[in-house]
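Student: Have a look at the structure that comes next, please.
Every number in this text was worked out from the coordinates using simple rules, so none of it is lab data. This is a predicted model, so every value here is computed, not measured. Quick reminder, even Gly has a Cβ in these numbers, built from the backbone with ideal geometry, and neighbours come from all protein chains shown.
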Amino acid sequence: MKHQLENGMTDWEAVFELPPDGLIPVIESAASPETLKKCMIVVIDSLFTRKNDGDIKTSYLSTLNELLPDNMDPEKFAKAKGKIAHLLRVIKDERIRKVAMLAEQQKAAEGVDEVFEEDRSEDGAIPKEPMEQEKQEEQSEPEEAPKDDLGNSAIKAVFADVCWEVINQRFEVLQSRLNEGENESGALPFILSTKFAAKFEGVLRKHVIPEMASKCRGVIVRSSHAPEDQQFSCMRDSFENRLGRKLLWDAWKLTWDEVMLEREVPAKPKDKKEKKKGLMGVLKGEKENAFLRPNELTPEQWEKVSSETRTSNKRVREIWKILTEETEEYQAPKESDGSVLKNLFGRSATGLRKQIAALKQIVQQGGNIGKSFDTYKHGKNLDVAILAASYQHPELFISNPKHKVIKSMMGGFSDSQKKQQYALVMRYLSSQL
């Protein structure tokens, strides 16, 4: 299927609807029940190609035979064709929904391209590492480490220290020049607060980092063989090269989603009698359609998964209750700030420092600040950097007698864009807008 969205995902609206080769236009152009049935068999085979799609394909083919029986009354053909087009649109809507979910997940990870920023040359290109080095990195990863290799609490503590160092380097850049308790604007936003960082460290060490360990087993095992006083530097060095940082970032993303996000409790599976009516039910306007969601759980599996999901969700809520607790020491985060905290791990401290310095330079140069910012901001996630720069240099960004700096920088965005891309600026610097 050649139709794609800008993000590279399949454009299901075009696949199903776009003339002349969209699935629905092709189906609607069929002149006879026999032609329509042949077309639909091809469509079903092309839509459900996975190994475990056998049951759903059988269900659709069975429904197709019900709608288009042999020796069909010609007067019923148009009505059957309309039902089949409706069924295809239900499938289309389900696939569009899934693409939207994936796009939201991608969007949550926007702004973390700086993970490899220190590898970039002046023109922004990422130099390739020698093939020999890549092979050496790959070969050094043990295929299967013994199960008890991570039982050593000392090496796991080293791993926790290395992971926290990665995060803390970012916090230190954002918190530079700031003294809590002496800030004229009152309590600092959470992301700029050393006291919030301490609380966040406790949560990570207890809940997130231990779960990451199994995903970084190779590096931990190799580091455990080094002398005890060299294990920290050995492990840190393993994560310094580009491949190592990617391993750490991938492990972090996956673990964060597992530990910090609530999951939907799966719908209770219907009995077989209800399932047999599923596809025809869609044609009759029923909302539920089990056949559009293959791989349904058995009742026993559902009980287990549902119980595990509820337990996990309860733990997630308890973690966020700790992080979002109101305090006079700093302005607490909201649970919606999870993506900010998650993506902080993927950003380089050097990249954040460069962004803050560049924003400062734009203001110091004066002139048309809005235009200079528009030129600089292209493709960058600057929400956190603007917030940090504003609190670190209030004389330039907040109390500047010559310019309304924040207002000028945000002038080129619609309200919805500002809320979406600059949520922290809108929350903590709203008085400057």
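Student: Suppose every Lys and Arg Cβ carries +1 and every Asp and Glu Cβ carries -1, with no other charges. What dipole size does the range 371-424 come out with about its Cα centre, to the nearest 20 debye?
Tutor: 140
Student: Ok, one more. Can you give the FRET efficiency for ARG97 and SER62, using 1/(1 + (r/R0)^6), R0 = 22 Å, r = Cβ-Cβ distance, to the nearest 0.05?
Tutor: In this case the efficiency is close to 0.35.
Student: May I ask you to evaluate 6.51 cos²θ - 1.76 cosθ + 1.60, the Karplus curve with θ = phi - 60°, for each residue of the range 200-207 and list the ³J(HN,Hα) values in order in whole Hz, giving x for glycine and proline?
Tutor: Calculated HN-Hα couplings, in order: 5, 4, x, 5, 5, 5, 8, 10 Hz.
Student: Computed FRET efficiency, Cβ-Cβ of ASP45 and ALA226, R0 51 Å: what is it to the nearest 0.05?
Tutor: E(calc), rounded to 0.05, equals 0.40.
Student: Modelled label-to-label distance, LYS76 and ARG310, 7 Å Cα→beta-carbon offset: nm?
Tutor: With each label point 7 Å from Cα toward Cβ, the separation is 4.6 nm.
Student: Among TYR376, TYR391, which comes first, then next, by fewest other beta-carbon atoms within 10 Å?
Tutor: If I rank by nearby Cβ atoms, fewest first, I get TYR376, TYR391.
Student: Whole-Hz Karplus ³J(HN,Hα) for the range 406-411, in order, using 6.51 cos²θ - 1.76 cosθ + 1.60 and θ = phi - 60°, x for Gly and Pro?
Tutor: Working through the residues one at a time gives 5, 4, 5, 5, 8, x Hz.
Student: Another one. Gain in length, LYS268 to SER214, computed as 0.36 nm per residue apart minus the alpha-carbon separation, to one decimal in nm?
Tutor: Stretched out fully, the LYS268 to SER214 stretch lengthens by 16.3 nm.
Student: Give LYS334/LYS377; LYS215/LYS253; LYS334/LYS419; LYS371/LYS404; LYS37/LYS83 a once-over and call out the pairs whose C-alpha atoms are over 20 Å from each other.
Tutor: LYS334/LYS377
Student: Given the pairs LYS51/LYS92; LYS81/LYS270; LYS360/LYS418, which span a C-alpha to C-alpha distance of over 24 angstrom in this model?
Tutor: Exceeds cut-off: LYS81/LYS270.
Student: Turning to a different aspect of this structure: Can you work out the Karplus-derived ³J(HN,Hα) for every residue in the range 158-172? Use 6.51 cos²θ - 1.76 cosθ + 1.60 with θ = phi - 60°, whole Hz, and x for glycine or proline.
Tutor: Listing the rounded values in order: 5, 4, 4, 5, 5, 4, 5, 4, 4, 5, 5, 4, 5, 4, 4 Hz.
Student: Would you tally the net charge around GLN432, using a Cβ to Cβ cut-off of less than 13 Å, leaving GLN432 out, and scoring K and R as +1, D and E as -1?
Tutor: +4
Student: Suppose we take every Cα in the range 12-108 and form the convex hull; what volume per residue is that in Å³?
Tutor: Measuring per residue, one finds 95 Å³ for the Cα hull of the range 12-108.
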